[in-house]
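Down below is the structure, laid out as structure tokens.
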Amino acid sequence: MTEQNRVTTFLVIATLTGAFSGLLAYGIIGMDGLGNRPGWAWIFILEGLFSTLFGISAFFTLPQSPSHARFLTKMEKEYVISRLRQTGAISRDDNTDAFSWQEVRKAFTLPQ
């Protein structure tokens with residue numbers, strides 16, 4: 001698929017998503033009064049439920065890194081990892097990229 005086709009496909013899907021989201025919201029508003037909740041609340045509940053379930057499933061189905069991806073060949077894994085290192089997305093040392101609770105704590109205690 002060429003770059004133009006990728007961009008075109010992305011823009012078409014984004015447009016269709018915008019068109020159908022209004023129809024979906026209109027249908028969900030019809031749930032007004034169900035469970036003693038207003039229709040607008042059902043939009044938030046259903047969208048939040050979908051996002052939560054998608055996030056949980058992604059946690060278990062997505063590979064931890066390109067080196068753990070079962071769908072890539074060994075050559076593809078090496079290529080992806082070398083490109084990530086070249087662009088600085090990952091460090092040259094695997095220990096530097098390891099998960100650290102200390103880094104998580106730092107993120108929540110930044111003075112911003």
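The values are calculated or read from the model by the stated rules, or taken from the named source; none is laboratory data. Keep in mind the model is a prediction, meaning the values are calculated, not measured. Neighbour counts run over all protein chains shown; Cβ positions are idealised from the backbone, glycine included. Surface areas here come from the heavy atoms of the whole protein model, side chains and all, with no ligands, DNA or RNA. Shrake-Rupley method; radii C 1.70, N 1.55, O 1.52, S 1.80 Å.
Are there any pairs, at least 6 apart or on different chains, whose C-beta atoms fall under 9 Å, with the first in region 27-42 and touching a residue at least 24 places away in the same chain (Cβ under 8 Å) and the second open to solvent by 80 Å² or more (accessible area, probe 1.4 Å), and if so, which? Note: no pairs meet the criteria.
For region 59-112, a residue qualifies if it is assigned to a helix (DSSP H, G or I), without any contact (Cβ under 8 Å) to a residue 12 or more places away in the chain and polar (S, T, N, Q), and the qualifying residues are Thr61, Ser82, Gln86, Thr87, Gln102.
The one condition from (1) under 20 Å from the mean Cα position of the chain (by Cα); (2) closer than 30 Å to Ile90 by Cα; (3) among the charged types (D, E, K, R) that Glu47 does not meet is (2). Of all the numbered requirements in (1) open to solvent by less than 50 Å² (accessible area, probe 1.4 Å); (2) assigned to a loop (DSSP other than H, G, I, E, B); (3) among the hydrophobic types (A, V, I, L, M, F, W, C), Ile43 misses one, and that requirement is (2).
Matching residues to (1) at positive phi; (2) at pLDDT below 90; (3) among the aliphatic types (A, V, I, L, M):
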{"site": "Glu3", "(1), (2), (3)": "no, yes, no"}
{"site": "Ala41", "(1), (2), (3)": "no, no, yes"}
{"site": "Leu53", "(1), (2), (3)": "no, no, yes"}
{"site": "Ala58", "(1), (2), (3)": "no, no, yes"}
{"site": "Thr61", "(1), (2), (3)": "no, no, no"}
{"site": "Met75", "(1), (2), (3)": "no, no, yes"}
{"site": "Val80", "(1), (2), (3)": "no, no, yes"}
{"site": "Ile90", "(1), (2), (3)": "no, yes, yes"}
{"site": "Asp97", "(1), (2), (3)": "no, yes, no"}
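Gly35 meets the stated requirement of being open to solvent by less than 80 Å² (accessible area, probe 1.4 Å), at pLDDT below 90 and outside any loop (DSSP other than H, G, I, E, B).
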